[in-house]
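Trainee: One structure, as structure tokens, below. Some questions next.
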Amino acid sequence: GDSVTQMEGPVTLSEEAFLTINCTYTATGYPSLFWYVQYPGEGLQLLLKATKADDKGSNKGFEATYRKETTSFHLEKGSVQVSDSAVYFCALRGGSQGNLIFGKGTKLSVKP
Amino acid sequence: GAGVSQSPSNKVTEKGKDVELRCDPISGHTALYWYRQSLGQGLEFLIYFQGNSAPDKSGLPSDRFSAERTGGSVSTLTIQRTQQEDSAVYLCASSFLALGGRSDTQYFGPGTRLTVL
């Protein structure tokens, strides 16, 4: 079945460091791909998405490119801030009814 | 505009009791999903409603779990005879279009934290 694998955390970075969170997927066809973020004490929020190969999703300085050849959707940010501290979930829209299939989540902590 | 709302935000119950969790989707959204977030299992899909169609129950972990959706809007997730392993955060999400459109986005509510003692 469809699945998502993302790098395990926690990830601890200093402010202004470069961030990469790896995400790969297994799916039939070409699913839409998503990154969701969960800030401490808050619900899941959509960060960015891509719906077809080579699409680049971007938001709040974060980017991810849908790579069909490597079945990947890695999340990147050039300069992280303390306020980016959160748990990040990679997901694909799969299943027979379009439910989201999530990775395990990666906790990011950014130190001043 | 109003997002997805869920109630209660927290629920503590005793093992063996029944609980009901409520979800109000974004107005006009035809699709509604329930997920469960727990430490051991991460985020799991539970059940899906599309409009007034019969729900897809393929993700429900046991027959103690059931859900209904009233008039294509509000949904209630019911857990009967709760067990300690049911302790988790139950999340509801809605989207405007679940079939056909590739770019539909699911918007999540804040969740209900269920603790079974």
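Readers should treat all values here as calculations from the given coordinates under stated rules, not as data from a laboratory. Since we're looking at a predicted model, the values are computed, not measured. In this analysis, Cβ positions are derived from the backbone assuming ideal geometry, glycine residues included, and neighbour counts consider all displayed protein chains.
Trainee: Out of (1) buried (at least 19 other Cβ atoms within 10 Å of the Cβ); (2) more than 14 Å from chain B (Cβ to nearest Cβ), the odd one out for residue A:54 is which?
Mentor: Here residue A:54 clears every test but (1).
Trainee: Moving on. Quick one: which strands (runs of 3 or more DSSP E) lie wholly within region A:31-107 and hold at least 3 residues that are of a type in the set (Phe, Trp, Tyr) and within 11 Å of the chain's Cα centre (by Cα)?
Mentor: Here the list reads A:33-38.
Trainee: Here are B:111, B:51, B:72: which of them is surrounded by 21 or more Cβ atoms within 10 Å (Cβ to Cβ) and either out of contact with any Pro (no Cβ under 6 Å at 6 or more places or on another chain) or charged (D, E, K, R) (or both)?
Mentor: Only one candidate qualifies: B:111.
Trainee: Residue A:5: surrounded by fewer than 17 Cβ atoms within 10 Å (Cβ to Cβ) and within 20 Å of residue A:107 (Cα to Cα), yes or no?
Mentor: Numbers: surrounded by fewer than 17 Cβ atoms within 10 Å (Cβ to Cβ): yes; within 20 Å of residue A:107 (Cα to Cα): yes.
Taking the combined requirement at face value, the residue satisfies it.
Trainee: Which of the residues spanning region A:9-30 are loosely packed, with under 12 Cβ neighbours inside 10 Å and not in a strand (DSSP E or B)?
Mentor: Answer for region A:9-30, where residues must be loosely packed, with under 12 Cβ neighbours inside 10 Å and not in a strand (DSSP E or B): A:10, A:16, A:18, A:28, A:29.
Trainee: Same structure again: Got a sec? Which of A:82, A:37 is among the hydrophobic types (A, V, I, L, M, F, W, C), touching a residue at least 40 places away in the same chain (Cβ under 8 Å) and touching a Pro at 6+ places or on another chain (Cβ under 9 Å)?
Mentor: After ruling out the rest, the residue left standing is A:82.
Trainee: Right, another one. If I ask for residues that are facing chain B (nearest Cβ under 10 Å) and touching a Lys or Arg at 6+ places or on another chain (Cβ under 9 Å), which ones from region A:27-37 would you list?
Mentor: Within region A:27-37, A:30, A:31, A:32, A:34 meet the criteria.
Trainee: Considering only residues of region B:66-88 that are in a strand (DSSP E or B) and of a type in the set (A, V, I, L, M, F, W, C), which is nearest to the chain's Cα centre (by Cα)?
Mentor: Of everything passing the filter in region B:66-88, B:77 is nearest to the chain's Cα centre (by Cα).
Trainee: Kindly provide the set of residues from region B:1-43 that are surrounded by fewer than 17 Cβ atoms within 10 Å (Cβ to Cβ) and either in a strand (DSSP E or B) or in contact with a His (Cβ under 7 Å, 6 or more places away or on another chain) (or both), ordered by number.
Mentor: Of region B:1-43, the ones surrounded by fewer than 17 Cβ atoms within 10 Å (Cβ to Cβ) are B:1-3, B:5, B:7-10, B:12-18, B:20, B:22, B:27-28, B:38-42.
If the condition is that a residue be surrounded by fewer than 17 Cβ atoms within 10 Å (Cβ to Cβ) and either in a strand (DSSP E or B) or in contact with a His (Cβ under 7 Å, 6 or more places away or on another chain) (or both), then B:5, B:7, B:10, B:12, B:13, B:20, B:22, B:38, B:42 are the ones that fit.
Yes/no per residue for (1) facing chain B (nearest Cβ under 9 Å); (2) surrounded by 22 or more Cβ atoms within 10 Å (Cβ to Cβ); (3) among the charged types (D, E, K, R):
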| site | (1), (2), (3) |
| --- | --- |
| A:39 | no, no, no |
| A:62 | no, no, no |
| A:67 | no, no, yes |
| A:73 | no, yes, no |
| A:78 | no, no, no |
| A:88 | no, yes, no |
| A:94 | no, yes, no |
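Trainee: Still on this structure, please answer the following. Would it be correct to say that residue B:77 is closer than 25 Å to residue A:93 by Cβ, within 14 Å of chain A (Cβ to nearest Cβ), surrounded by 14 or more Cβ atoms within 10 Å (Cβ to Cβ) and among the aliphatic types (A, V, I, L, M)?
Mentor: no
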